[in-house]
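For reference, the structure discussed in these notes is given below.
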Amino acid sequence: MNIHWEESMKIGVPAIDEQHEELILQFEKLSKAVIEGGGIEGIGKLLSYLKEYAANHFSDEDNLMVLYKYPGIEEQRKQHAIFKENIDKLTDMLIRDVPTREIAIKIDATLIRYFINHVRNLDAKIADFIKPQTV
């Protein structure tokens, strides 16, 4: 799982882009730790950090959507809830089992790829909606 920040992930809202970049950096660390057989404690800390950071990020996005009266806010909230649930499920898996390739694949599919798709599609729509209002 080769994950890294790409300029194509930018949506054009600097504060949100910085948060997305930080999340991708943490995903990179998590993926590497799982693949290299990092200890459960270290992986657990990374997942905890991701959960907390993502919650703050989603709150910031939510505030932005409310401020600009974004019509897709409910779908965004739903997707954010799914992401949080996936972090919880993966954390539970890691508590029960030693990190395995299977768990690494699930992390890639349910967190990393999901997040990148979310940014490139749903978050980009937020940016497209609010940019004309900020000019």
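The values are calculated or read from the model by the stated rules, or taken from the named source; none is laboratory data. Computed from a prediction, not measured in an experiment: that's the story for all the values here. Using ideal geometry, Cβ is built from the backbone for each residue, glycine included, and neighbour counts are taken over all protein chains shown.
Structure notes:
- All positions within the stretch 4-35 that are more than 28 Å from residue 101 (Cβ to Cβ) and free of Cβ contacts under 8 Å to residues at least 60 places away in the same chain: 7, 10, 14, 15, 17, 18, 19
- Qualifying residue in the stretch 8-22 (condition: modelled with pLDDT under 90 and part of a helix (DSSP H, G or I)): yes
- When residues of the stretch 106-135 are limited to those that are of a type in the set (D, E, K, R) and under 12 Å from the mean Cα position of the chain (by Cα), the one modelled with the lowest pLDDT: 108
- Scanning the stretch 85-123 for residues that are closer than 21 Å to residue 5 by Cα, among the charged types (D, E, K, R) and without any contact (Cβ under 8 Å) to a residue 60 or more places away in the chain gives 106, 113.
So that you can scan it fast, the table gives a plain yes or no per residue for (1) surrounded by fewer than 19 Cβ atoms within 10 Å (Cβ to Cβ); (2) under 12 Å from the mean Cα position of the chain (by Cα):
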residue: 6; (1), (2): yes, no
residue: 23; (1), (2): no, yes
residue: 44; (1), (2): yes, no
residue: 86; (1), (2): yes, yes
residue: 96; (1), (2): yes, no
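- Selection of the stretch 69-81 for residues being surrounded by 13 or more Cβ atoms within 10 Å (Cβ to Cβ) and either in a loop (DSSP other than H, G, I, E, B) or among the β-branched types (Val, Ile, Thr) (or both) yields 70, 72, 73.
- Conditions (1) surrounded by 14 or more Cβ atoms within 10 Å (Cβ to Cβ); (2) within 26 Å of residue 14 (Cα to Cα); number of the one not met by residue 66: (1)
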